[in-house]
1. Of everything in the stretch 106-116, what is closer than 10 Å to Leu242 by Cβ and either free of Cβ contacts under 8 Å to residues at least 12 places away in the same chain or not β-branched (Val, Ile, Thr) (or both)? Give them in sequence order.
2. Quick check on this structure: which one of Ala88, Ala68, Ala22, Ala63 is closer than 25 Å to Val171 by Cβ, part of a helix (DSSP H, G or I) and modelled with pLDDT under 85?
3. If I filter the stretch 220-246 down to residues being in contact with a Ser or Thr (Cβ under 9 Å, 6 or more places away or on another chain) and assigned to a helix (DSSP H, G or I), which single residue comes out as modelled with the lowest pLDDT?
4. Only one of (1) under 22 Å from Val36 (Cα atoms); (2) small (Gly, Ala, Ser); (3) surrounded by fewer than 17 Cβ atoms within 10 Å (Cβ to Cβ) is not met by Gly187, so which one is it?
5. Considering only residues that are surrounded by fewer than 19 Cβ atoms within 10 Å (Cβ to Cβ) and in contact with a helix residue (DSSP H, G or I) (Cβ under 9 Å, 6 or more places away or on another chain), which ones fall in the stretch 195-207?
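The values are calculated or read from the model by the stated rules, or taken from the named source; none is laboratory data. Quick caveat, the model's predicted, so the values are computed rather than measured. Here the Cβ positions follow ideal geometry from the backbone for every residue, glycine too, while neighbour counts run over all protein chains shown.
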Amino acid sequence: METQAMNFDSVLILTVATLALAGFVQSVTGFGFGLVAMALLPLLLPFKEAYSVIIIPNLVVCAVNFVANRRHFRWRQGLGLLIGSCLAVPVGFYTMLNMKTGWLMLGLGILICVFAASELLMSKTRPLKLPEKAGWPMGLASGALSGAFNMGGPPAVAYVYSQSWAKEHIVALLQIVFGASSIVRLGLMQGAGMITGRLLWISLLAILPLLAAIYAGNRVLRWIQREHLRFVVFLFLLAIGLKYIFRL
């Protein structure tokens with residue numbers, strides 16, 4: 001396996017670079033830090049190590065984005081989504097713990113392909129309209145996927161963008177939802193012994209490059225065409241998803 005042939009220094013550098021790239025892409029396109037990171041990190045690390053190393057950088061990304069939009073946040077709008085997500089995280093997490101690595105990689109590949117193909121084929125269609133009371137079930141779906149694969153974004157994003165809420169509130173709400181589910185996962189991971197000194201060290205080292213990448217992405221956003229980049233990124237993710245599916 002490729003990860004076994006790499007020494008610690010190589011894995012460290014490539015993992016930090018991957019997390020920074022995920023932060024850069026999110027700052028430019030506005031989507032899926034977790035999706036990008038979880039698509040690439042299993043190429044470097046075993047699945048459960050990739051799952052663990054993303055948790056602290058993900059909290060940093062959520063905190064940075066929330067601070068920028070905190071004035072527009074309204075607790076009552078999307079509360080069902082938040083509660084449902086947190087409640088379902090343990091279900092996905094314990095499912096992940098008890099699944100064999102081969103099935104985890106297959107599931108990861110299928111999820112990446114579904115999300116990438118959906119974005120490529122449906123990005124220009126009108127968003128699905130969901131009633132506000134659908135926050136609970138969409139939150140449960142988001143939390144379960146977040147707990148199992150660190151990829152709970154699509155159900156939450158589909159729900160919030162079908163509401164007539166201010167864009168800034170939507171961004172702030174998503175950071176709260178993803179951040180809260182990350183905190184729940186962090187507690188579960190600590191209880192399961194998944195937070196090792198090695199992975200914690202890598203996570204902490206990634207924070208400064210990640211912040212620099214987010215800043216660079218915000219600067220690049222002034223002259224790059226966002227839709228073109230989204231197309232290239234999701235096409236690449238589709239290829240990665242197919243790799244995970246057919247490597248088995």
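1. Of everything in the stretch 106-116, those that are closer than 10 Å to Leu242 by Cβ and either free of Cβ contacts under 8 Å to residues at least 12 places away in the same chain or not β-branched (Val, Ile, Thr) (or both) turn out to be Gly109, Cys113, Ala116.
2. Numbers: Ala88 fails: modelled with pLDDT under 85; Ala22 fails: modelled with pLDDT under 85; Ala63 fails: modelled with pLDDT under 85.
Among Ala88, Ala68, Ala22, Ala63, only Ala68 is closer than 25 Å to Val171 by Cβ, part of a helix (DSSP H, G or I) and modelled with pLDDT under 85.
3. Only one residue fits best here, namely Arg226.
4. For Gly187, the exception is condition (1).
5. Of everything in the stretch 195-207, those that are surrounded by fewer than 19 Cβ atoms within 10 Å (Cβ to Cβ) and in contact with a helix residue (DSSP H, G or I) (Cβ under 9 Å, 6 or more places away or on another chain) turn out to be Ile195, Thr196, Arg198, Leu200, Trp201, Leu204, Leu205, Ile207.
Matching residues to (1) within 22 Å of Asn69 (Cα to Cα); (2) surrounded by fewer than 21 Cβ atoms within 10 Å (Cβ to Cβ); (3) within 19 Å of the chain's Cα centre (by Cα):
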{"site": "Glu132", "(1), (2), (3)": "yes, yes, no"}
{"site": "Ala148", "(1), (2), (3)": "no, no, yes"}
{"site": "Ser162", "(1), (2), (3)": "yes, yes, no"}
{"site": "Lys167", "(1), (2), (3)": "yes, yes, no"}
{"site": "Val171", "(1), (2), (3)": "yes, yes, yes"}
{"site": "Ala216", "(1), (2), (3)": "yes, yes, no"}
{"site": "Leu238", "(1), (2), (3)": "no, yes, yes"}
